Amino acid sequence: MADDILALTDARLTLAGNAGPVEILKGITLTVHKGETVGLIGPSGSGKSSLLMLMGGLERATAGRVLALGQDLTAMDEDALARFRRGNMGVVFQSFHLIPTMTALENVALPLELAGASDAFPRAEAELAAMGLGNRMHHYPSQMSGGEQQRVALARAAAPRPAILLADEPTGNLDGVNGQAIMDLLFSLRDRHGATLVLVTHAPELAARCDRIIRLADGRLAPETHAKAAE
């Protein structure tokens, strides 16, 4: 369908372990539609983060197919995947992954510069201001709190105006107040930029704000539950 942003068909992921191959994802078939917000939940080790990494082309499926915006990620080499992510995806991790030797402004402008944007720094400034960091743009990550660093990471993910925004436990390293603020900002990004949002979370209040909840258990999809009915 034209509004399918992500489509996985029997996607599997097997990784090498000390005792032999370990099957992480065991045949995932699902579709995410344009503008949808999807929460991936499940116990630790169920494959949530691995599934998110397949969607972002950060892990390569060992079998099956992963389509993003109609493009087959499983058929791309690493360079093509990097170009595709740069133009179409924003990824936010639990541990921020900011470059410590760059200011907040430089961290946000970098992917825009790599994409060839002539207005990289003005766009980075505008995104940081929208995150409430107008007075922290020239600070380095070590000079910022965890909540501020995650706001920078969100600004960096959002500045290229990606069609797909992927977030892996975005509130996991934050206290309640900062976690709530990051939740609000995530959903405001969806509203401002129209991005499709897929997030991994252990926070039931964050999952409940999604249009759809997908549960994983032992590398497989459990029955889906709409957010309105989830408790």
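The values are calculated or read from the model by the stated rules, or taken from the named source; none is laboratory data. This structure is a prediction, so every number in the text was calculated from the model and none was measured. A quick note on method: Cβ atoms are made from the backbone with ideal geometry, for glycine too, and the neighbour counts reach across all protein chains shown. Surface areas here come from the heavy atoms of the whole protein model, side chains and all, with no ligands, DNA or RNA. Shrake-Rupley method; radii C 1.70, N 1.55, O 1.52, S 1.80 Å.
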Checklist entry - Considering only segment 160-188, how many residues are under 23 Å from ASN135 (Cβ atoms) and assigned to a helix (DSSP H, G or I)? => result 11
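I'd like to know if segment 145-154 contains one or more residues that are among the hydroxyl-bearing types (Ser, Thr, Tyr), at pLDDT below 90 and open to solvent by 10 Å² or more (accessible area, probe 1.4 Å). Lay out the reasoning, then the answer.
Keep residues of segment 145-154 that are among the hydroxyl-bearing types (Ser, Thr, Tyr), which gives 145.
Going one step further and asking which of them are at pLDDT below 90, we end up with none.
No, that holds for no residue.
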Checklist outcome for this item: Of the residues in segment 189-223 that are over 15 Å from the mean Cα position of the chain (by Cα) and part of a helix (DSSP H, G or I), the one that is surrounded by the fewest Cβ atoms within 10 Å (Cβ to Cβ) is ASP191
Item to check | Members of segment 16-40 that are open to solvent by 30 Å² or more (accessible area, probe 1.4 Å) and either in contact with a strand residue (DSSP E or B) (Cβ under 7 Å, 6 or more places away or on another chain) or polar (S, T, N, Q) (or both) | outcome: ASN18, PRO21, VAL22, GLU23, ILE24, LYS26, THR29, THR31, HIS33, LYS34, GLY35
Item to check | segment 106-130 residues that are under 11 Å from ALA158 (Cα atoms), paired with ones that are in a loop (DSSP other than H, G, I, E, B) and among the charged types (D, E, K, R) (beta carbon under 8 Å, 6 or more apart) | outcome: LEU112/ASP119; LEU128/ARG136
Checklist outcome for this item: If you go through VAL66, VAL32, the only one that is assigned to a strand (DSSP E or B), modelled with pLDDT of 90 or more and within 15 Å of LEU199 (Cβ to Cβ) is VAL32
Item to check | Residue count, segment 62-109 (criterion: open to solvent by 20 Å² or more (accessible area, probe 1.4 Å) and among the small types (Gly, Ala, Ser)) | outcome: 8
